[in-house]
Amino acid sequence: MKYLSLSALFFLFISIPLFAQSDLSEADSLLQAGVAQIDAGDFDRAWSTLQIGAEKYPQHTLFRYEQAYARMAQKKYKDAVKIMEEILDAPDSYDQYYQMLGNAYDLSGNPKKAIETYEKGLQKYPESGVLHLELGVMYLQKEDYDKAMEYWEGGLTLDPAFPSNYFHAGRIFMMTKNRGWGQIYAEIFLNLEMGTQRSQQVKQMLWYSYNEAVDLDPEPDSEEEEKDDSKEKVVFKFFDDIVVTYDPELKEMILPFPFFFSRSAGVASLHLMKEPITVAKLHAFRSGFLNQWFSDTISAEHFNISLYDYQRRLNEAGLLEAYDYFTFFCEETSKEVQAWFEEHPEKIKELAEWLAANPYPVDQKSAFSRLNLPGIPIGKEEIGELEMQEGE
């Protein structure tokens, strides 16, 4: 996992001074100069500049952190390990200190020690999105996908403003039969991280995932169906087989979120009945789904999906169509998307201004994870033909 320059993050996002007011000017200048020299690849000068700061302001370990960053950039991982071990438990350390040390261990060929470091950091910073991310990546390398997903989904719940856990969880799910979860995670990621190489990658995956969810020529289930050409041959597969659980204490069946999703999607799916699938058709589907979802007050109020609330606000602002064209803009859709925006040039500015004024909510109330979606108890006679299994 790519390590980060911690001071660079502070300069961008934190308004609180890094140092006490009495030494702010010189210390700040030294640190910024050292970071700039690292960025320019002038590692010897950067080391000297940061060393001056480290010796003059030993209480501020950011100078040493940036020296470790420089050594990481030079692939001198064992040197970085030594530096980070010295400052790991300093009073001004952060969760990124554990990230840097874990990265250094991993890249120096000691993944076991890296995992131990991330876990130790997580004990100290249990809500750290970046440490959940790193542990997920480590278990992905071990091909332990369940464990990796456990950390990513835990991270996106505890630190909903950190986009990388949505990125990884979304990518994995979009490659499974339960692609519906991946689509939600991926779209939340796109609202948190725009205009990057990763966001463009996710847009393309999202486009493919929606296309793969629509099977316009499924295999017939029976000889009678094969002979009956009057039936529409289309299957919509956002989730694997929907499983209804039975709660022995409540003595009721529990319907999961995918059941209610599929019910709303089924009504909206008429927009996708014929080839080819286009962004225009996907917008019609998503708009229809949204209207159907919120008309079903039971599911909308029970599940409280922040992404759907955000889409509804975009729809009320008259920008959902522009948002959908922006969301699905990738290599395969570029001609269609560009043509639409050329026809509606004012929508680009309107959408950009709206998104800037209405950032995606990242508080704990809006945090989303499939693991935090309890099903809805419902009478057996209302279920129909669905697979059931015992649940707790």
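Considering ALA90, ALA73, the condition of being among the small types (Gly, Ala, Ser) and either within 23 Å of ASP39 (Cβ to Cβ) or in contact with a His (Cβ under 6 Å, 6 or more places away or on another chain) (or both) is satisfied by ALA73 alone. Out of curiosity, is ASP324 at pLDDT 95 or above, acidic (Asp, Glu) and more than 16 Å from GLN183 (Cβ to Cβ)? No: the conditions fail for ASP324. The test for being touching a residue at least 60 places away in the same chain (Cβ under 8 Å), of a type in the set (A, V, I, L, M, F, W, C) and under 30 Å from LYS365 (Cβ atoms) holds for LEU156. All conditions in (1) assigned to a helix (DSSP H, G or I); (2) under 29 Å from LEU371 (Cα atoms); (3) free of Cβ contacts under 8 Å to residues at least 60 places away in the same chain hold for LYS82, with the sole exception of (2).
Within the range 268-318, can you find the residues that are polar (S, T, N, Q) and assigned to a helix (DSSP H, G or I)?
Step one: list which residues in the range 268-318 are polar (S, T, N, Q), which gives 269, 278, 287, 291-292, 295, 297, 299, 304, 306, 311, 315.
Within the range 268-318, SER269, SER287, ASN291, GLN292, SER295, THR297, SER299, SER306, GLN311, ASN315 meet the criteria.
SER108 falls short of the stated requirement of being out of contact with any Lys or Arg (no Cβ under 6 Å at 6 or more places or on another chain), surrounded by fewer than 24 Cβ atoms within 10 Å (Cβ to Cβ), among the hydroxyl-bearing types (Ser, Thr, Tyr) and without any contact (Cβ under 8 Å) to a residue 40 or more places away in the chain. In the set (1) modelled with pLDDT of 95 or more; (2) outside any helix (DSSP H, G or I); (3) buried (at least 18 other Cβ atoms within 10 Å of the Cβ), PRO359 fails one condition alone, (3). Mind checking which residues of the range 23-75 are closer than 19 Å to ASP89 by Cα and part of a helix (DSSP H, G or I)? Those that are closer than 19 Å to ASP89 by Cα and part of a helix (DSSP H, G or I): ALA54, GLU55, LEU62, PHE63, ARG64, TYR65, GLU66, GLN67, ALA68, TYR69.
Among LYS177, LYS203, which is at pLDDT 95 or above and out of contact with any Pro (no Cβ under 8 Å at 6 or more places or on another chain)?
Details: LYS177 fails: at pLDDT 95 or above.
Residue meeting the stated conditions: LYS203.
Evaluating LYS233 against the criteria (1) at pLDDT 80 or above; (2) outside any helix (DSSP H, G or I); (3) surrounded by 13 or more Cβ atoms within 10 Å (Cβ to Cβ); (4) not hydroxyl-bearing (Ser, Thr, Tyr) leaves one unmet condition, (1).
If you check ALA339 against the conditions, is it aliphatic (A, V, I, L, M), without any contact (Cβ under 8 Å) to a residue 24 or more places away in the chain and within 30 Å of ASP159 (Cβ to Cβ)?
Values: aliphatic (A, V, I, L, M): yes; without any contact (Cβ under 8 Å) to a residue 24 or more places away in the chain: yes; within 30 Å of ASP159 (Cβ to Cβ): no.
It is false that ALA339 is aliphatic (A, V, I, L, M), without any contact (Cβ under 8 Å) to a residue 24 or more places away in the chain and within 30 Å of ASP159 (Cβ to Cβ).
Right, LEU18: assigned to a loop (DSSP other than H, G, I, E, B), crowded, with 16+ Cβ neighbours inside 10 Å, among the aliphatic types (A, V, I, L, M) and at pLDDT below 90 or not?
Numbers: assigned to a loop (DSSP other than H, G, I, E, B): yes; crowded, with 16+ Cβ neighbours inside 10 Å: yes; among the aliphatic types (A, V, I, L, M): yes; at pLDDT below 90: yes.
Answer is yes for this residue.
Is it fair to say ILE348 is at pLDDT below 90 and among the β-branched types (Val, Ile, Thr)? Against the criterion (at pLDDT below 90 and among the β-branched types (Val, Ile, Thr)), ILE348 does not qualify.
Take the conditions (1) assigned to a helix (DSSP H, G or I); (2) surrounded by 14 or more Cβ atoms within 10 Å (Cβ to Cβ); LYS365 misses just one of them, which is (2). Taking the criterion of being under 23 Å from the mean Cα position of the chain (by Cα), of a type in the set (Val, Ile, Thr) and closer than 26 Å to GLN364 by Cα, the residues of the range 290-343 that qualify are ILE305, THR327. With the requirement that a residue be part of a helix (DSSP H, G or I), of a type in the set (Gly, Ala, Ser) and touching an Asp or Glu at 6+ places or on another chain (Cβ under 6 Å), what does the range 114-155 give you? Residues satisfying the conditions are ALA114, GLY121, GLY129.
The values are calculated or read from the model by the stated rules, or taken from the named source; none is laboratory data. Every value quoted in this text rests on a predicted model; they were computed, and no experiment measured them. Note that we place each Cβ from the backbone using ideal geometry, even for glycine, and neighbour counts take in every protein chain shown.
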